[in-house]
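Reviewing the structure listed below.
The values are calculated or read from the model by the stated rules, or taken from the named source; none is laboratory data. No experiment lies behind these values; they were computed from the predicted model shown. With ideal geometry, Cβ positions are generated from the backbone for all residues, glycine too; neighbour counts draw on all protein chains shown. We work out accessible area using only protein heavy atoms, side chains counted, and drop any ligands, DNA or RNA first. Shrake-Rupley method; radii C 1.70, N 1.55, O 1.52, S 1.80 Å.
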4 protein chains.
Amino acid sequence: MSHNTFGHLFRVTTWGESHGAALGCVVDGCPPGIRFTRDDIQAELDKRRPGQSRFVTQRREPDEVKVLSGFVMDDDGVTMITTGTPVSMLIENVDQRSKDYGEIARQYRPGHADYTYDMKYGIRDHRGGGRSSARETAARVAAGALARKVLPGMTVRGALISMGEKSIDRANWDWDFIGDAENPFFTPDRASVAVFADYLDGIRKAGSSVGAVIEIVAEGVPAGLGAPIYAKLDQDIASNVMSINAVKGVEIGNGFEAARITGEQNADEMRMGNDGKPIFLSNNAGGILGGISTGQAVIARFAVKPTSSILTPRQSIDVDGNNVDVMTKGRHDPCVGIRAVPIGEAMVACAIADHYLRHRGQTGRT
Amino acid sequence: MSHNTFGHLFRVTTWGESHGAALGCVVDGCPPGIRFTRDDIQAELDKRRPGQSRFVTQRREPDEVKVLSGFVMDDDGVTMITTGTPVSMLIENVDQRSKDYGEIARQYRPGHADYTYDMKYGIRDHRGGGRSSARETAARVAAGALARKVLPGMTVRGALISMGEKSIDRANWDWDFIGDAENPFFTPDRASVAVFADYLDGIRKAGSSVGAVIEIVAEGVPAGLGAPIYAKLDQDIASNVMSINAVKGVEIGNGFEAARITGEQNADEMRMGNDGKPIFLSNNAGGILGGISTGQAVIARFAVKPTSSILTPRQSIDVDGNNVDVMTKGRHDPCVGIRAVPIGEAMVACAIADHYLRHRGQTGRT
Amino acid sequence: MSHNTFGHLFRVTTWGESHGAALGCVVDGCPPGIRFTRDDIQAELDKRRPGQSRFVTQRREPDEVKVLSGFVMDDDGVTMITTGTPVSMLIENVDQRSKDYGEIARQYRPGHADYTYDMKYGIRDHRGGGRSSARETAARVAAGALARKVLPGMTVRGALISMGEKSIDRANWDWDFIGDAENPFFTPDRASVAVFADYLDGIRKAGSSVGAVIEIVAEGVPAGLGAPIYAKLDQDIASNVMSINAVKGVEIGNGFEAARITGEQNADEMRMGNDGKPIFLSNNAGGILGGISTGQAVIARFAVKPTSSILTPRQSIDVDGNNVDVMTKGRHDPCVGIRAVPIGEAMVACAIADHYLRHRGQTGRT
Amino acid sequence: MSHNTFGHLFRVTTWGESHGAALGCVVDGCPPGIRFTRDDIQAELDKRRPGQSRFVTQRREPDEVKVLSGFVMDDDGVTMITTGTPVSMLIENVDQRSKDYGEIARQYRPGHADYTYDMKYGIRDHRGGGRSSARETAARVAAGALARKVLPGMTVRGALISMGEKSIDRANWDWDFIGDAENPFFTPDRASVAVFADYLDGIRKAGSSVGAVIEIVAEGVPAGLGAPIYAKLDQDIASNVMSINAVKGVEIGNGFEAARITGEQNADEMRMGNDGKPIFLSNNAGGILGGISTGQAVIARFAVKPTSSILTPRQSIDVDGNNVDVMTKGRHDPCVGIRAVPIGEAMVACAIADHYLRHRGQTGRT
């Protein structure tokens, strides 16, 4: 990626920290004529908003998006129509409670980017993690809400499929359950809620944290997007997903499982369908063969590490080179992976939207 | 990635198929004054060359590199010194045995990019997989050989750590064994050779194939390379590695394992070392925290799927929409993952070299 | 340029129209540790602000910049210090008087981008020229104010050197006069003020408009920035300057004059100076030889066409294909070139700042 | 530009010096299905080849292009069809006569990039000007030959319109005369040949050199290519043209003349044509309004400085800081601008081809 910009034709630039006046993004290269409402964007932002259950940070972040440019308002006064010029979106920061950052400003928290920031820049905005704040992801989600509308008929959905040692039962997969009011985990398995809740309560009460695995599925992606090597669709999805804070691994389709099986087991066989389109008899490839979409569902998974803010004291050093014990105080997310679901969706949607435009540009095919 | 170019300051463009006159790469943005020999490049190419054991394809590919531009020759007549202008390297294709591609030209091989190529481009060079040929990776390896010299003191090494159902014993890890003449697998575990050999002979004789997992370790990487989010060092490594054919997953440090453990287990603690540099008490982060290098070894792993060229007939369709059974004939690699080791090294070296220059550019720090 | 982003390491993305809530820019890749104040930015913006004399549009645009991210505040509460993360700056739009755009919305004004917008996007924000509004240039000027601080010791100044048929006398060149309260033209020649004023009053009263030529001079640019071909410093300056509205030509050093003279007359001779640095005996090259800075002043000139908004009726067509006569009503700039001076300065400063970082990145030399 | 790569979707990377084994280019992002022959490329190269008259350098450069990748051969064995993968083209260097470069290696020739190269890189390939050699332009011309085929119906032609103090008479403009065997100057004015020949013979015999102005005209460019600000079509044309060696200025349409006239004189009026397309009553805009093509002919002009290699001794310094007199020996081009005509055509063709694909990508309109 080129600094804080990603995408080649559908380009997103994000900016902002948790402790400035605002954060936001500029979406450049959006096709003209796309119709959307502020609510379309806000609905996506609300999915990742903290404070919605006891399992996520209690910070108040209303995350109200303002759309500042790149559209004309339709006569209904609600529908915005993109003009093809940059769409700038902004979210004000409001919950910046004054806080004594004295220790954090001088100590390097293990697992955080404190030390590496200082090594890179020689200066660091320690408040709220600076640019590394989870809050920055709001900008991605806003951009993703537009990206979803670029490729007609595309749906991008995500689910949390494991949390620490606990996993869902894929046999219970129900996309409709994910938005359910009784589902604080983005799990597609109703039976997993009680298990995850018990498990995470234990983690939370112990002042600990735990990681998670998220799966993103994009349907309605036509065959032909991507490139054989370099600018592969799977590669750009991987890059986009890895650009999220705390992500340590990504896989496409059966991913690492592909390394354990044989060619007979792995390659997806094909038959001709009645509608003149091929039918794949399986989808180990995750909808991408040789870097190019097959027309099947595109499937990506990624691993989110446990947040490093925990209540147990940990050995570290400070900026002066002294050994210290570091302990996080106050609010924290016991599993940041939960809120990573809408973020992952957004990043996958952006990658596919970009490749849709690139494909149209190079080949004239749609 | 922007088409077939990767990197931002250290930029590599590759071109070529297995069945044209040649393939090659252009390395642009190389710092001036770097000293190298043709043998430095050739030695890396020889590592990935086929035909060196019964476990890899028997195609003859001498892969002799020519360096065409971007250097002045030192008085010794052997040492080339980069001038800062583009370094073009070319490898001629020689073993293009005339072959009846009749069926392959019309059938979509399961697991291959045949179908997706046609969906993308509407035209396809079916000979040798076209641009998707494993042969293209020679260009990456040549570029990587230069990348290794950009950051003084950096060493990038790789190892095959599992093949299908078989894995190495990490307790036996011996980097020196990897170049051993009796090691056809790039395994760091001497004891694994017999196991892998038996296993792969079985696979090969059955006309089957199997995947592999490769681990790349970069040492001598200073703290401070990368960026907190977007243009993260781990992200660009992931992107580079995912750009390789047949790679379906990538992870940094403990990767997907991080999703299964707690914050206490995951975060690497620090103490001050006697030399004034911090000591990390573990390296779960794989040398990268918050997208920026820590000074520890940078560790990436990736999964290579089994080659889809197998002798067992597979269900598929042809370009006219008929159901057909596809069977690969002739030579094939039972485990393409083996030769992926030097390729992975090259791609990681290129990512780090690029970030070294970017870091120097933005911050003036080195 | 890649959409609305320019620069490679010092990257600027701008967004916004004259008739939305705001406009702004994101400056990404700024070195950490640069100290600046809001007043530093505002002072540059004030230079290009309209309404300051009868010779420029009377629109009220206070252009108050807000700096939203990418800095920490120094203890003085005034000085901002860049952290190396994106600096987002925003300027609210306030003077959007309600206006009947009925005719303009349907007519293609000659010399304006109305027709071409519709041909490109099939949709158009006709209010205030949409993205083509001169107001957008405020974002460039804000970015340029930061760019000026990237290369220590660099000064970038500009001057209007001709307006329509009238030109300055270079013998009278006085940089100090440009900021003079009695100088509404950015002319460096005090004697030219009366001439330009008379001339432009005539143009203005006739409801006409006129073009201008601007010269930008950057001093304190070290030798070595740029590249021999492609990514030439002069090329990137030209590209930046040509990205400004209404610019139709650009030249470096003696520019088109170089095409009229001989090699003897053109090449700048050199002698060794007492300080161990070379002295150039002339500066026809405009401080750039073979795409690389020489250490002399970098000189660029550009032509701004007359604004196409004039009171004389002009033949045109409307969106339905009818022949119509178009006449601009209301406020207009008789010479938009006047306000182009600070804009040109900003664009040149950005180009040089970017090349300074690129040079440091590739070569490690400063 | 990003190093030695230009274009966003139609991307060209060039490499090579005059004194290596070869030079060439990689054209990436070419649409699939474009039919071309080696002769199509060679014909363009032959236009810029030296040694064709007494007015250009007598170096023998056969410039035989090899197309190495990115195509399949049609059944006729002559027609190549692009596959959408990178097209690599290579031209071997043959006329590298061994020569004593002793003085040139140590002296900084006025007007050349010798001094600036050393300031940038600290190392320099002094043979033949290194990367700054006019020979590099062969790679651009080869790429341009492909670019011409991307936009169906586009024609890009160029002409030399002035040489030093002499100019053509535009009333005599005849495109057909440019390829005439009796026209060594790419002039469109038959009457100018004798004038230019006399003038240039004088220059040549005096060991001097002279500059030139070239005009490029692209016809068949549909309305809608480009963008209002940034990524303007005129801007990218300017950038491409300024990337050529020795170019010191560029203008679009009436260019600098626009700065001298009024809005009434400058804006091109429109009427509705009988075919339902608008007719512009003039073309001061050079076919581009607000950065976007109008459908009229796109017109660009650029100034080429006189070559700095002249027989008259010139004051300079050497690498050790001594004052020296520099005198060029041997062959030289009295007017490098002549051969710049096909180069300018190629660069304009590349810019338009790129914008055609970008426009199609973003808007889906063609």
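Summary of values
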item	result
Charge dipole magnitude, Cβ of K and R +1, D and E -1 - the range B:5-363, Cα centre, debye nearest 20	640
Largest to smallest accessible area among B:Glu219, A:Glu17 [probe 1.4 Å]	B:Glu219, A:Glu17
Rotation relating A and C, chain C residue nearest the axis via C-beta, angstrom	C:Thr13, 2
Charge dipole (debye, nearest 20) of the range A:175-270; +1 at Cβ of Lys and Arg, -1 at Cβ of Asp and Glu	520
B:Tyr356 accessible area, assembled protein chains, probe 1.4 Å, Å²	30
Cβ-vector label at 7 Å, B:Asp40, separations to other copies in nm	4.0, 4.1, 5.3
Value of Rg to Rh for chain B (Rh from inverse mean 1/r over Cα pairs, i.e. Kirkwood)	0.98
Most mobile of B:Phe256, B:Phe196, B:Phe71 in a GNM of chain B (Cα contacts under 10 Å)	B:Phe256
Accessible-area value, A:Lys47, 1.4 Å probe, nucleic acids and ligands omitted, Å²	80
The protein assembly as shown: projected area of the alpha-carbon convex hull, averaged over directions, in nm²	50.9
Estimated 222 nm signal from helices in chain C, with DSSP H stretches of n ≥ 4 weighted -39500 (n - 2.57), rounded to 500	-7000 deg cm²/dmol
Tilt relative to chain D, helix D:233-242 - C-alpha long axis, 0 to 90 degrees, to 10	10
Between 0 and 90°, nearest 10: helix C:340-363 axis offset from chain C longest Cα axis	40
Contact surface B-D: accessible area buried, both sides summed, square angstrom, 1.4 angstrom probe	2800
7 Å along Cα→Cβ, label-point gaps from D:Arg54 to other copies, nm, shortest first	6.4, 7.5, 9.9
Under Karplus coefficients 6.51, -1.76 and 1.60, residue-wise ³J(HN,Hα) of the range C:143-152 in Hz, glycine/proline x	5, x, 4, 6, 4, 4, 9, 6, 9, x
Gyration tensor over alpha-carbon atoms, the range A:224-366, equivalent ellipsoid semi-axes in Å	40, 18, 14
C-alpha long axis of helix D:192-205 to longest principal axis of chain D, angle in °	20
Accessible surface of chain D, 1.4 Å probe, proportion on carbon and sulfur as whole %	47
Those residues of the range D:61-96 for which accessible area with every protein chain present is at least 30 Å² below the isolated value (1.4 Å probe)	D:Leu68, D:Ser69, D:Val72, D:Thr83, D:Thr85, D:Pro86
Across the identical copies, how the D:Arg365 labels are spaced - nm, sorted shortest first, 7 Å along Cα→Cβ	2.6, 4.8, 4.8
Debye, to nearest 20: dipole size of the range C:1-154, +1 on Lys, Arg Cβ, -1 on Asp, Glu Cβ	520
Residue among A:Met272, A:Met242, A:Met154 with the largest mean-square fluctuation in a Gaussian network model of chain A, springs linking Cα atoms under 10 Å	A:Met272
Of D:Gly263, D:Gly290, D:Gly179, the one that fluctuates the most in a GNM where chain D has Cα springs shorter than 10 Å	D:Gly263
Shielding by partners - mean other protein chain Cβ count within 10 Å, residues of A:273-280	2
Mean-position separation - Cα centroids, the range A:319-344 and the range D:156-227, in angstrom	68
Relative contact order, percent, chain A [alpha-carbon distance under 8 Å, six or more residues apart]	22
Of B:Lys66/B:Lys149; A:Lys47/A:Lys305; D:Lys120/D:Lys149; A:Lys66/A:Lys329; A:Lys47/A:Lys205, pairs whose Cα-Cα distance is over 27 Å	D:Lys120/D:Lys149; A:Lys66/A:Lys329
1.4 Å probe accessible area per residue over chain B, in Å²	31
